Amino acid sequence: MKVEWVTGIQRQCESACVPFFFKQWGGTRKCITGRELNGRTYDEQPTLTTTPVPTLEERRQLMARFTDVWPVPRAKGKRTA
């Protein structure tokens, strides 16, 4: 793997404010080539965000909004409750 290729990606990530994680150099002897780039390791990760799961009632309300605009086809021969 070429150093210029990796550093180019690293610069693009930096300019776009995107975390950069460099796992390792390629090749058949990865344990020797290691994972340092320009004398350091890059272990940046994206920020973890969580979204609460909607309640059953909230999901039903959301589905009602969508099916008013985009009807869901029913399978033939199946009964609905």
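The values are calculated or read from the model by the stated rules, or taken from the named source; none is laboratory data. These numbers were taken from a predicted model, which means no experiment stands behind them. Neighbour counts run over all protein chains shown; Cβ positions are idealised from the backbone, glycine included. What goes into the accessible areas is simple: the full protein's heavy atoms, side chains included, and nothing from ligands, DNA or RNA. Shrake-Rupley method; radii C 1.70, N 1.55, O 1.52, S 1.80 Å.
General remarks:
- Odd one out for GLY27 among (1) open to solvent by 90 Å² or more (accessible area, probe 1.4 Å); (2) under 30 Å from MET1 (Cβ atoms): (1)
- Candidate set: the range 30-57, residues that are free of Cβ contacts under 8 Å to residues at least 12 places away in the same chain and not in a loop (DSSP other than H, G, I, E, B); chosen: the one least open to solvent (accessible area, probe 1.4 Å): THR33
- Residue count, the range 1-20 (criterion: under 19 Å from the mean Cα position of the chain (by Cα) and open to solvent by 100 Å² or more (accessible area, probe 1.4 Å)): 3
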